[in-house]
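> Structure in structure tokens, see below.
The values are calculated or read from the model by the stated rules, or taken from the named source; none is laboratory data. Because the structure is a prediction, the values reported are computed rather than measured. Note: ideal-geometry Cβ built from the backbone for every residue, glycine included; neighbour counts use all protein chains shown. The protein model used for the area step is the full one, side chains on, heavy atoms only, and it has no ligands, DNA or RNA in it. Shrake-Rupley method; radii C 1.70, N 1.55, O 1.52, S 1.80 Å.
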Amino acid sequence: MTNIIEAEGLTKRFGKTQALAGVNLSAKAGTVLGVLGPNGAGKTTAVRVLATLLRADSGRATIAGYDVVKDAHKVRQTIGLTGQYASVDEDLTGTQNLVLIGQLLNLTTRDARARAAELLEWFDLSDAAGRTAKTFSGGMRRRLDLAASLVGRPSVIFLDEPTTGLDPAKREEMWEVVRRLVTDGSTVLLTTQYLEEADALADEISVIDRGKVIAHDTPDGLKRVIGGQRIEVQPTDITRLDEVNSILARVGGATPVVSGRNRLSVPVPGEESLPAVVSQLGAAGISVTELSLHLPSLDEVFMTLTGKATSAEETAA
């Protein structure tokens with residue numbers, strides 16, 4: 001499968017700050033590339049370079065085969081961009097915002113109105129189409145902002161922390177929008193500091209820290225970075241915790257730890273350990289409320305790779 005997003009050795013310095021220090025990124029057509037990084041890692045700078053809003057000091061990048069410097073106009077015709085903060089005009093209605101953008105993209109007024117109506121319906125904003133954007137809720141503004149980036153039917157979409165400031169329910173709505181975009185054939189580059197967001201949406205993830213990509217893999221591949229899988233068991237009868245502890249210690253070859261209320265956890269070499277635990281629990285007549293085999297969370301991976309937790313939003317360069 002061809003890479004529709006390709007960046008090699010991107011560098012960018014702002015005074016004494018090295019924002020990008022040789023960043024490599026790639027995404028295949030019809031996939032979601034998640035770009036994770038702590039505060040000030042360089043995620044937004046990388047997006048701005050790819051979107052032709054900044055010129056890298058060195059390196060090269062192409063979008064759908066177009067060079068972001070030599071073919072900047074072609075790149076802009078190919079992409080859509082939604083930044084961290086809503087960019088719609090608060091004094092215009094939902095329809096007027098989208099029609100204006102359509103006209104700026106050289107659509108006829110008729111075609112711009114048709115596209116606006118289509119997108120407002122797609123984002124469940126038709127009932128609010130005649131209201132000014134300043135009366136929209138935060139989630140509605142984010143949906144309108146994303147709709148604005150899709151007026152020109154881009155094949156590549158950059159979403160720079162699109163769910164910043166949204167409550168969990170509204171974030172779920174935005175996740176569903178991203179899934180629909182990919183189903184319709186778009187390629188998405190998503191920057192986020194919500195690790196569960198990358199886990200839920202991304203086909204592959206690049207982790208950026210201090211202007212460099214320090215890891216790239218699938219979500220499951222990254223989770224294997226810090227030591228494989230774990231088995232967790234919560235017995236129905238808490239008086240049998242010691243017996244469960246012994247079984248897990250035998251199977252895992254390590255001392256189990258308490259991972260929650262009345263729940264024990266032990267690292268195991270692989271999924272083949274699960275049947276052994278089930279068999280020994282059954283032989284001992286121990287019923288369980290919970291029994292699971294899982295990889296580490298992306299939060300644990302992020303801490304291992306960067307040595308720090310994510311913050312709410314990235315500092316602008």
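> Let me know the shape class of the range 64-217, please: from the alpha-carbon gyration tensor, a ≥ b ≥ c as square roots of the eigenvalues, rounded when a/c is under 1.5, otherwise prolate if a/b is greater than b/c, or oblate.
Details: a/c = 2.02, a/b = 1.30, b/c = 1.55.
Taking the square roots of the gyration eigenvalues as a ≥ b ≥ c, the range 64-217 is oblate.
> If you take every residue apart from residue 27 with its C-beta less than 9 Å away from the C-beta of residue 27, what net charge results, scoring Lys and Arg +1 and Asp and Glu -1?
My count for the surroundings of residue 27 gives -2.
> Can you give me the relative contact order of the range 53-136 as a percent, contacts being Cα pairs under 8 Å and 6 or more apart?
Over the range 53-136, the number comes to 26 percent.
> With a cut-off of 8 Å between alpha carbons and a minimum separation of six or more residues, what is the relative contact order of the chain in percent?
The value is 21 percent.
> Tally Lys/Arg at +1 and Asp/Glu at -1 over every other residue whose Cβ is under 10 Å from the Cβ of residue 196; what's the total?
Working: positive: 171; negative: 197, 199, 299.
The answer is -2.
> Express the relative contact order of the range 186-311 as a whole percentage, based on alpha carbon pairs under 8 Å and six or more residues apart in sequence. Write out the running numbers ahead of the final one.
Working: 181 pairs, mean separation 37.8, N = 126.
It rounds to 30 percent for the range 186-311.
> Sort 8-17, 74-83, 21-30 by packing, meaning the average of other beta carbons within 10 Å per residue, with the highest value first.
Per-residue mean Cβ counts within 10 Å order the peptides as 74-83, 21-30, 8-17.
> Using a 7 Å offset from the Cα along the Cα-to-Cβ direction at both residue 297 and residue 249, what is the distance between the two label points in nm, to one decimal?
Spacing of the two 7 Å Cα→Cβ label points: 2.8 nm.
> At 0.36 nm per residue, minus the direct Cα-Cα distance, what do residue 261 and residue 217 gain on full extension? Give it in nm, one decimal, please.
12.6 nm
> Dipole of the chain, Cα-centred, from +1 at each Lys and Arg C-beta and -1 at each Asp and Glu C-beta, to the nearest 20 debye?
So the dipole magnitude of the chain works out to roughly 1020 debye.
> Please check: in the Gaussian network model of the chain (C-alpha springs, under 10 Å), which one of 160, 124, 145 has the largest mean-square fluctuation.
Highest fluctuation of the listed residues: 124.
> Using a basic spin-label model with each label point 7 Å from the Cα along Cα→Cβ, how many nm lie between residue 14 and residue 132?
Placing both labels 7 Å beyond Cα along the Cβ direction yields 3.2 nm.
> Calculate one ³J(HN,Hα) per residue across the range 5-18 by plugging θ = phi - 60° into the Karplus curve 6.51 cos²θ - 1.76 cosθ + 1.60, and present them in order as whole Hz with x for glycine and proline.
For the range 5-18, the Karplus-derived couplings read 10, 9, 9, 9, x, 5, 10, 7, 10, 10, x, 8, 8, 8 Hz, x marking Gly and Pro.
> Relative to the present Cα-Cα distance, how much length would full extension add between residue 67 and residue 239 at 0.36 nm per residue of separation?
55.4 nm
> Further question: For the range 25-80, what does the alpha-carbon gyration tensor say about shape, rounded, prolate or oblate, given a ≥ b ≥ c as the root eigenvalues, a/c under 1.5 as rounded, and a/b over b/c as prolate?
The shape class here is oblate.
> If you don't mind, another one. Once the Cα atoms of helix 138-149 and of the chain are each reduced to a long axis, what angle between those two axes, in degrees from 0 to 90 to the nearest 10, is obtained?
Roughly 60 degrees between the two axes.
> Still on this structure, please answer the following. In deg cm²/dmol, rounded to 500, what helix-only [θ] at 222 nm does the chain give when every DSSP H run of at least 4 residues adds -39500 (n - 2.57) and the total is split over its residues?
After summing the helix terms and dividing by residue count, I get -10500 deg cm²/dmol.
> Tell me, what HN-Hα J-couplings in whole Hz come from the Karplus equation 6.51 cos²θ - 1.76 cosθ + 1.60 at θ = phi - 60° for each residue of the range 44-54, using x for Gly and Pro?
Karplus-based 3J(HN,Hα) across the range 44-54 equals 5, 4, 4, 5, 5, 5, 5, 8, 6, 7, 10 Hz.
> How do the peptides 196-204, 253-261 rank, highest first, by the average count of neighbouring beta carbon atoms within 10 Å per residue?
Result, highest mean first: 196-204, 253-261.
> Spelling out what I want: for every residue of the range 164-169, take phi, set θ = phi - 60°, compute 6.51 cos²θ - 1.76 cosθ + 1.60 (Karplus), and round to whole Hz; glycine and proline get x.
4, x, 8, 6, x, 5
> Between residue 173 and residue 117, what FRET efficiency comes out of the Förster formula 1/(1 + (r/R0)^6) with R0 = 22 Å and r the beta carbon distance, rounded to 0.05? Mind dumping the intermediate values first?
On the way: r = 20 Å, r/R0 = 0.92.
Using R0 = 22 Å, I get an efficiency of 0.65.
> Of 214, 284, 267, which is farthest along the charge dipole of the range 196-317 in the positive direction, counting Lys and Arg as +1 and Asp and Glu as -1 at C-beta?
Sorting the options by dipole projection puts first 284.
> Now for a different question. Tilt of helix 273-283 relative to the longest C-alpha principal axis of the chain, in degrees (0 to 90, nearest 10)?
Here the helix axis deviates by roughly 40 degrees.
> How big is the chain in terms of Cα radius of gyration and Dmax, in angstroms?
23.5, 75
> What whole-number value in Å² describes the accessible area per residue of the range 210-283 for a 1.4 Å probe?
54 Å²
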